[in-house]
1. Just to make sure I understand: if all protein chains stay in place, what is the order of ILE104, ILE293 by accessible area at 1.4 Å, largest first?
2. Just add up the charged neighbours of PHE345: K/R +1, D/E -1, any other residue whose Cβ is under 12 Å from the Cβ of PHE345.
3. Need one word for the range 76-137: rounded, prolate or oblate. Basis is the Cα gyration tensor (sqrt eigenvalues a ≥ b ≥ c); a/c below 1.5 gives rounded, then a/b vs b/c decides.
4. Report the full-extension gain for the segment LYS86 to ASN190: residue separation times 0.36 nm, less the Cα-Cα distance, to one decimal in nm.
5. Treating only the Cβ of Lys, Arg, Asp and Glu as charged (+1, +1, -1, -1), what charge dipole size does the chain show about its Cα centre? Round to the nearest 20 debye.
6. Please work out whether the range 281-331 counts as rounded, prolate or oblate from its C-alpha gyration tensor, where a ≥ b ≥ c are the square roots of the eigenvalues and a/c under 1.5 means rounded, while otherwise a/b larger than b/c means prolate and anything else oblate?
7. Mind grabbing the accessible area of ASP216 for me, 1.4 Å probe, Å², rounded to tens?
8. Just one of (i) 28; (ii) 35; (iii) 46 is percent of Cα pairs over 32 Å apart calculated from these coordinates, so which is it?
Amino acid sequence: MKFTIDRKYFYNQLSIVSRAISSFSPLPALSGICINVQDDHIVLTGSDSNISIRTYIYKGEENQLQIASTGSIVLESRYLLEIIHKIESTIVELEVMDFELVRITSTNGKFNLNGMEASQYPNIDFDQPSNMIELSKDTLSQIVSQTAFACSENDQRPVLSGVNFAAKDGYLYCSGTDSYRLARKTITLNENANFNITIPSKSLQEVVRSLSEDIDKVQLYIDSKKAQFVFGKTIFQTRLLDGTFPSVEKIIPTSSVASMVVDAHELASVIDRTNFIRNDKVHLVKLECSPEIVRIKTNSTEIGSSDEVLTDCMYKGDNLTLTCNGSYILDAIRALSGSKVDLEFSGDMRPIRILNPEDDSIVIVVVPVRSYD
């Protein structure tokens, strides 16, 4: 195995596949990147057994790839990335010298890096599932940023640590919840797809981080066990989460007793100023709402209290007093990305719908908590 390639281009491709590699790999070989050099292209593979990424490098002007001989090797990802990143050379050469020893040569010097035979790398099934939908890069990024934040971070109910993708009747419904809050994004599809899967939120975040500026469309292939995101010359594959995702329709309130439209920046600023006032490490805020005035209060016997009035706010409906997790409200405001926020109240201790008045594709639900006083 011997080839030369543009150093910066090679480093970028190595960085993509390294996103799948964990420092706690179940197999020694999975801590490395498998490099498979063929006659006219190179295949790079990284995996932690849950996420697997494969990218193809074909000869082109941008990468200046020249292949002298074929072969394959597995190299420790962190060492390979550090060497390629720090070499001060436009072109680098990689050559297998003696079975498991690779020489990396630059303009000014060389490195010898021990590897392992590619036969020790597990055989990963990259067969493409038959069900497919296509999403723009921007749409996929919005789905992840507007739903993944609401997913659970503990392992008690693994299915809640992912975003549910449910396609039916020409729509794609993407939902994340930790049972205390919910975020749902609705997308209109060009395909008539029908599936219901849950993808780990961490996998989705890594997919978005892997999308380069020149990527416009992403194909999502699905079966009962895995999801593949295909973009450019890269395949990003992730396992699906087992378990039944909660029925979202039963969680989202369908009626309200009061509503409030408020300036998003003002609401976020008022809540953020009280972030240090916490009860048992939870940022609780009390909303006292009436058509005449809306107040936001916080109180902690150990730290202190606050009391602010919202000025750019219009409230209609019954008088209400309820307590919420302020951090959840802040996350919702950031996800909605609007100048105004619409809060629809379904009653005391009942879920609150949080909306962007200018974008009906996203709805966030937050469940109030019992008051601290």
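The values are calculated or read from the model by the stated rules, or taken from the named source; none is laboratory data. This one's a predicted model, so the numbers in the text were calculated from it and none came from an experiment. Please note: Cβ atoms are built from the backbone with ideal geometry, for glycine as well, and neighbour counts cover all protein chains shown. Surface areas here come from the heavy atoms of the whole protein model, side chains and all, with no ligands, DNA or RNA. Shrake-Rupley method; radii C 1.70, N 1.55, O 1.52, S 1.80 Å.
1. Putting ILE104, ILE293 in descending order of accessible area: ILE293, ILE104.
2. Local charge sum for PHE345: -1.
3. Note, shape of the range 76-137 comes out oblate.
4. Result: 32.9 nm gained on full extension.
5. I would put it at about 460 debye.
6. Values: a/c = 2.14, a/b = 1.75, b/c = 1.22.
Cα axes put the range 281-331 in the prolate bin.
7. 100
8. Recomputing percent of Cα pairs over 32 Å apart here picks out (iii).
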